[in-house]
Amino acid sequence: MSDFLIDEELLAAIDMGSNSFHLAIARVDHGEVKKVASMSEKVQLAAGLDENKNLTEAAQQRGLACLSRFVGRLGSVQPNRLRIVATNALRQAKNGHEFIQKAAEILPKHIEIIAGREEARLIYLGVSHTMVNSGRRLVIDIGGGSTELIIGEEFEPIHTESLQMGCVAFTKAFFVDGEINQKSFDKAVVAARKELSGIANTYKEAGWDTVVGSSGTIKACRQITVNMGWSNEKEELTRDGLDKLKEKLLKYKHVAEMEFDGLKEDRRAVLPAGIAILYAIFDVLELDKLVYSDGALREGVMYDLLGRFQHEDIRDRSVQALMGRYNADPKQAERVVNMAQHLFDGVADSLKLTTEDSDLLRRAAYLHEIGLAISHAGYHRHGAYLLQHSDIAGFSQIDQNHLSHLVAHHRRKLRSDARVDVMKVGGNKLVYLCLLLRLAVLLNHSRSDQMLPAIELTVGNAQQWQLSVSGNAAQWPLLVADLHDEQVQFSIGMLSWISNQNNLSMNKLVN
């Protein structure tokens, strides 16, 4: 991967939403993302979730067919300049891994299932880059399976929330078979109000100067009110316009009867649920009006990707924030990071490890002790739990799962049954990174800046791990003991972790 993007190079993002899949391709022009092509299809993945939260085969086929068409437009985009993110429907799907495995045969890059708050952060980033006004803003994005609400200033979010209400999910729950009536609408509004009740006070206390809406539901509602003459002179969506839209909606008995100037056919089925959610948001947060922004999740994904190329990676900021929150020892973390990088450099070519693998190992090395904030006993397990279940800006659920496994296995016994779990999550590469982190931590058990002996790690043709340590054994008696203990772990644990031909051999310390 190159360290930077020059002007006129392409970026792309695929947003696998619960209602629609979107593809955006853009050029980087003087640090700005300029969209040059886009595609959008109503896949309605969330509508394909059955009563057991499994994606039906029909829904999976709709999604795969759409992705196949998207891939046909990606020929000029390098895989390292593409990100593919999935949201609420795949967060909810119990069999989501099946769909992801099928999609992997089509796509040039793996799918990242992102957490709700990470989705909210990326939406805010996309919206912020389309807005010229300053001040604090409230951003609202009603999706197919969830609704994101964010308060922020400039490019920095302050509050991010993802609520379990979306136009597809609410359509299934309250507007069965497309029927419209006051009772169903009121039930949808009450359900949305309940979701909003947990954040309303915090958000209203934080306050905002402007309200911005993004994505399909709000775009459709605004466009209808503008076309029907229910908007203000700035063509904003107002409370009065939304009231008139609701009154007009409730005159119809079925979505097939609806006649709204500007309503697209593919938006028809989910519009009543979208209006109900938006109505509840205006009511609970006491909104008067909002402006619409074309920026959304896919734009945020591309700006976030651009930041990674320009050494403004939010993931590194998140790592430092986690270290601060859990009071991790920065000096010890830096020692382990440096040793892990040294060991990695010695074996990267032999094990076919990449820059992305190096980044993952480095971040795990910084975070390996955060579990000490809970308890010293089993702190590696506590750290793994925190990384698995926290909302960490910039990281997908897969990223966090990888970090969690690295931290979980950086100390104590190498159990052969754990290898199965690690292999399922990240394959051989994640196994190798676990072992590298173990050695880096072990070599810094003294927690001292005292000069260590010269240490080199190599991997032979038969995957034989060879650790060469030179110097006076009497100077490092504890290190020698630790290395011999780890050699035992490699001989009983590593054999099953990698293959029956593998072992850790160690050159003796010489006088």
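Scanning segment 231-259 for residues that are in contact with a Gly (Cβ under 6 Å, 6 or more places away or on another chain) and assigned to a helix (DSSP H, G or I) gives a single hit, V255. If you take the residues of segment 134-152 that are in contact with a helix residue (DSSP H, G or I) (Cβ under 7 Å, 6 or more places away or on another chain) and among the small types (G, A, S), which of them is surrounded by the most Cβ atoms within 10 Å (Cβ to Cβ)? If we take residues in segment 134-152 being in contact with a helix residue (DSSP H, G or I) (Cβ under 7 Å, 6 or more places away or on another chain) and among the small types (G, A, S), then G143 is surrounded by the most Cβ atoms within 10 Å (Cβ to Cβ).
Scan F185, F155, F175, F170 and give me the residue that is among the aromatic types (F, W, Y) and open to solvent by 20 Å² or more (accessible area, probe 1.4 Å). Lay out the reasoning, then the answer.
Values: F185 fails: open to solvent by 20 Å² or more (accessible area, probe 1.4 Å); F175 fails: open to solvent by 20 Å² or more (accessible area, probe 1.4 Å); F170 fails: open to solvent by 20 Å² or more (accessible area, probe 1.4 Å).
Just one listed residue meets the conditions, F155.
Every test in (1) part of a helix (DSSP H, G or I); (2) closer than 30 Å to R317 by Cβ; (3) open to solvent by less than 50 Å² (accessible area, probe 1.4 Å) is passed by T202 save one, and that test is (3). Is it true that D294 is of a type outside the set (F, W, Y) and either touching a Phe, Trp or Tyr at 6+ places or on another chain (Cβ under 8 Å) or in contact (Cβ under 8 Å) with a residue 40 or more places away in the chain (or both)? So D294 passes the test.
To keep it simple, each residue is scored yes or no on (1) of a type outside the set (D, E, K, R); (2) free of Cβ contacts under 8 Å to residues at least 60 places away in the same chain.
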residue	(1), (2)
L386	yes, no
H405	yes, yes
L430	yes, yes
L435	yes, no
V441	yes, no
R447	no, no
E456	no, no
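Close contacts from segment 238-264, counting a first residue that is crowded, with 16+ Cβ neighbours inside 10 Å and a second that is basic (K, R), with Cβ to Cβ under 8 Å and a gap of 6+ residues or different chains, come to T238/K289; V255/R268; M258/R268; F260/K248. Filtered by the rule that a residue be of a type in the set (S, T, Y) and touching an Asp or Glu at 6+ places or on another chain (Cβ under 6 Å), segment 72-87 gives a lone residue, T87.
Checking the structure you have, find out if any residue of segment 173-191 is under 28 Å from the mean Cα position of the chain (by Cα), within 23 Å of R121 (Cα to Cα) and at pLDDT 95 or above. No; the residues of segment 173-191 include none that is under 28 Å from the mean Cα position of the chain (by Cα), within 23 Å of R121 (Cα to Cα) and at pLDDT 95 or above. Filtering segment 216-269 to residues that are farther than 24 Å from F174 by Cα and among the aromatic types (F, W, Y) leaves only W230.
This table checks each residue for (1) within 30 Å of N80 (Cα to Cα); (2) among the small types (G, A, S).
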| site | (1), (2) |
| --- | --- |
| A333 | yes, yes |
| S358 | yes, yes |
| H368 | yes, no |
| G371 | no, yes |
| Y379 | no, no |
| H382 | no, no |
| L387 | yes, no |
| F395 | yes, no |
| D399 | yes, no |
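Cβ-Cβ contacts under 6 Å between residues 6 or more apart (or on different chains), taken from a first residue in segment 42-54 that is open to solvent by 20 Å² or more (accessible area, probe 1.4 Å) to a second residue that is part of a helix (DSSP H, G or I), are listed as K42/D266; Q44/V168; A47/V168; K53/Q92.
Within the set A89, A103, the sole residue that is open to solvent by less than 10 Å² (accessible area, probe 1.4 Å), over 24 Å from V270 (Cα atoms), assigned to a helix (DSSP H, G or I) and in contact with a helix residue (DSSP H, G or I) (Cβ under 8 Å, 6 or more places away or on another chain) turns out to be A103.
On the basis of being modelled with pLDDT of 75 or more and assigned to a helix (DSSP H, G or I), does E456 make the cut? So that I can check it myself, show each step before the final result.
Working: modelled with pLDDT of 75 or more: yes; assigned to a helix (DSSP H, G or I): no.
No, not satisfied.
Can you tell me which residue within segment 294-339, out of those that are acidic (D, E) and surrounded by fewer than 21 Cβ atoms within 10 Å (Cβ to Cβ), is nearest to T217 (Cα to Cα)? Lay out the reasoning, then the answer.
Taking segment 294-339 and keeping what is acidic (D, E), we get 294, 299, 304, 312-313, 316, 329, 334.
Still in the list and also surrounded by fewer than 21 Cβ atoms within 10 Å (Cβ to Cβ): 294, 312-313, 316, 329, 334.
On the way: D294: 12, E312: 32, D313: 31, D316: 34, D329: 47, E334: 47 Å.
Ranking the candidates gives D294 first.
Show me the helices (runs of 4 or more DSSP H) found entirely inside segment 260-348 where at least 2 residues are within 28 Å of the chain's Cα centre (by Cα) and within 30 Å of H368 (Cβ to Cβ). It would help to see each step written out before you state the result.
On the way: elements: 271-284, 297-309, 314-325.
Qualifying helices (runs of 4 or more DSSP H): 297-309, 314-325.
Number of residues in segment 214-230 that are outside any helix (DSSP H, G or I) and open to solvent by 30 Å² or more (accessible area, probe 1.4 Å): the value is 3. When we screen G178, G166 for residues that are touching a residue at least 40 places away in the same chain (Cβ under 8 Å), on the phi > 0 side of the Ramachandran plot and touching a strand residue (DSSP E or B) at 6+ places or on another chain (Cβ under 7 Å), the only hit is G178. With respect to (1) among the small types (G, A, S); (2) open to solvent by 20 Å² or more (accessible area, probe 1.4 Å); (3) in a helix (DSSP H, G or I); (4) touching a helix residue (DSSP H, G or I) at 6+ places or on another chain (Cβ under 6 Å), the lone exception for S404 is condition (2). The set of residues in segment 367-379 that are open to solvent by less than 10 Å² (accessible area, probe 1.4 Å) and either part of a helix (DSSP H, G or I) or charged (D, E, K, R) (or both) comprises L367, I370, G371. So, P108, is that one more than 22 Å from I14 (Cβ to Cβ) and not aliphatic (A, V, I, L, M) or not? Against the criterion (more than 22 Å from I14 (Cβ to Cβ) and not aliphatic (A, V, I, L, M)), P108 does not qualify.
Given the criterion over 18 Å from L138 (Cα atoms) and modelled with pLDDT of 90 or more, identify the matching residue among K289, K264, K251. Working first, answer last.
Working: K289 fails: over 18 Å from L138 (Cα atoms); K264 fails: modelled with pLDDT of 90 or more.
K251 is the lone residue from the list that is over 18 Å from L138 (Cα atoms) and modelled with pLDDT of 90 or more.
The values are calculated or read from the model by the stated rules, or taken from the named source; none is laboratory data. Values in this document were obtained by computation on a predicted structure and should not be read as measured data. Here the Cβ is made from the backbone with ideal geometry for all residues, glycine too, and neighbour counts use every protein chain on show. What goes into the accessible areas is simple: the full protein's heavy atoms, side chains included, and nothing from ligands, DNA or RNA. Shrake-Rupley method; radii C 1.70, N 1.55, O 1.52, S 1.80 Å.
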